[in-house]
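Here the structure comes first, spelled out in structure tokens, and everything after it is commentary.
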Amino acid sequence: MQDEINNTRNAFEKDLALVTDAKLLENVRVKYLGRKGIISELMGKLPALDSKAKPVIGKELNLLKGHIQKELEKKKEKLSLSASVKERLVDITMPGILPREGRLHPITKTLNEINDIFISLGFKIVEGPEIEKEFYNFEALNIPLDHPSRDAFDTFYIKEDVLLRSHTSTVQIRIMEKTKPPIQAIMPGRVYRPDAVDASHSFMFHQVEGLMVDKDIKFSDLKGLLDLFTKRMFGEKTKTRFRPSFFPFTEPSAEVDISCIICRGKGCRVCSHTGWLEILGAGMVNPRVFEAVGYPSGAFTGLAFGMGVERIAMLKYGIDDIRLFFENDIRFLKQF
Ligand code: PHE
């Protein structure tokens, strides 16, 4: 009998060691503690023992039964613990779920860069309406009635005398109407022209214009300012070139080129093998503009300039089609 008890204990330890889930645990419990289990079978043998052995073996059997119950209980706890840990376990080797991150549109980014440069030089940002009167878009800027750009084909008209501004020079007039010099401002914003859309034209685009008016603004100020701007925008090695040009609202006027940022002036496809890229229109404010806003004649001089933001972004980021900016294709936009 004693041997049987010992064997049962050993067999139970072995069986228990193999238990890995609740079902196996139940099988072991039934095998040992069930109604027809090993323990009750051994108990059944007690009455046949002699009166000396009976209490000793009985006690041993009770101890074994208690031991088995305790061990089963312990195992049960362990199993349920590891099951819930498994449920909660995070596989840290799995790739995470990245939230899609928003970012600034390349035009906004470029605009911010341009603005930041001029803000650091003391310029204020001024905005104006996109729907304008002819006076602000043309007359006050010395663009007479018979000037070709007054033609309905070059400007979107909403109704007579009301149009979508074709440049942000309109804001120059609005500032000067309200403010006495000194003036130092840039005017970013959308402009509209009825151009056929292609890789380099859009009916809507963005401009930044600049205006400085004071008692003694000189052409050399304009040159120095724009040279500094292009170097900050495109890199220290950038050279500028001023070519004589014509704008009704500036006199003298210039087109400003930068040395090609792709080939550094050697000549390539982007600069049509000239080594130069046109990026700005500029000049000294025409006295007739001062007249239109009511400044006393001869009292002030001023400089003005204007640039297309899309063109600058295209050059800076190597984009060859203006339409990409407006198609909202995330594959394009997420590159910036
Ligand atoms: N307004 C001009 C344009 O739209 C740019 C410009 C601004 C040129 C100021 C000279 C001075 O093209």
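None of the figures in this text is laboratory data; all of them are computed from the coordinates on show. All values reported here derive from a predicted model rather than from experimental measurement. Note: ideal-geometry Cβ built from the backbone for every residue, glycine included; neighbour counts use all protein chains shown.
The calculated FRET efficiency for the pair D321 and I97, based on their C-beta separation and a Förster distance of 35 Å, comes to about 0.55.
Computed over the chain, relative contact order equals 14 percent, with contacts defined as Cα pairs under 8 Å that lie 6+ residues apart. Annotation: amide H of K124 within the under-5 Å range of Q184, A185, I186, sequence separation 5 or more or interchain, hydrogens built in the peptide plane.
Centre-to-centre, using Cα atoms only, the range 275-315 and the range 80-128 are separated by 37 Å.
For a paramagnetic label modelled at 7 Å from the Cα of I330 toward its Cβ, which residues of the range 106-120 fall within the zone defined by backbone nitrogen distances under 20 Å? In the range 106-120, the label zone of I330 (backbone N under 20 Å from the point 7 Å along Cα→Cβ) covers 106-109.
Distance between the modelled labels on K178 and A299, one decimal in nanometres: 1.9 nm (7 Å Cα→Cβ projection).
Among R29, R165, R232, which one shows the biggest mean-square fluctuation in a GNM of the chain, springs joining Cα atoms closer than 10 Å? Of the options given, R29 has the highest mean-square fluctuation. Fewest neighbouring Cβ atoms within 10 Å first, the residues I92, I38 line up as I92, I38. Extension gain for D214 to R190 (0.36 nm times residue separation, less C-alpha to C-alpha distance): 5.9 nm.
How high is the relative contact order of the range 1-135, given as a whole-number percent (alpha carbon pairs under 8 Å, six or more residues apart)?
Details: 46 pairs, mean separation 27.4, N = 135.
Computed over the range 1-135, the figure is 20 percent.
Once the Cα-Cα distance is subtracted from the 0.36 nm per residue extended length, the E71 to E87 segment shows a gain of 3.3 nm. Taking D257, D21, D198 in turn, the Gaussian network model of the chain (Cα-Cα springs below 10 Å) assigns the largest fluctuation to D21. Proximity of backbone amide H atoms, modeled 1.01 Å from N, is registered between S245 and S253, A254, E255 at under 5 Å, excluding neighbours fewer than 5 places apart on the same chain. Is there a pair in K180/K215; K124/K223; K133/K159 whose C-alpha atoms are over 18 Å apart, and which pairs would that be? Correct reply: K124/K223.
So if R0 is 30 Å, what FRET efficiency would L63 and V30 give, r being the distance between their Cβ atoms, rounded to the nearest 0.05?
Working: r = 21 Å, r/R0 = 0.69.
For L63 and V30, the calculated efficiency is 0.90.
If you run the Gaussian network model on the chain, springs between alpha carbon atoms under 10 Å, then out of L164, L79, L121 the most flexible one is L79.
Applying the criteria of a DSSP loop state and at most 16 other Cβ atoms within 10 Å to the trypsin sites (Lys or Arg not before Pro) of the range 256-322 yields R264, K266, R269. For the chain, every Cys residue has a second cysteine's beta carbon closer than 4.7 Å. Length gained on full extension, E13 to F135: 33.9 nm, using 0.36 nm per residue less the C-alpha separation.
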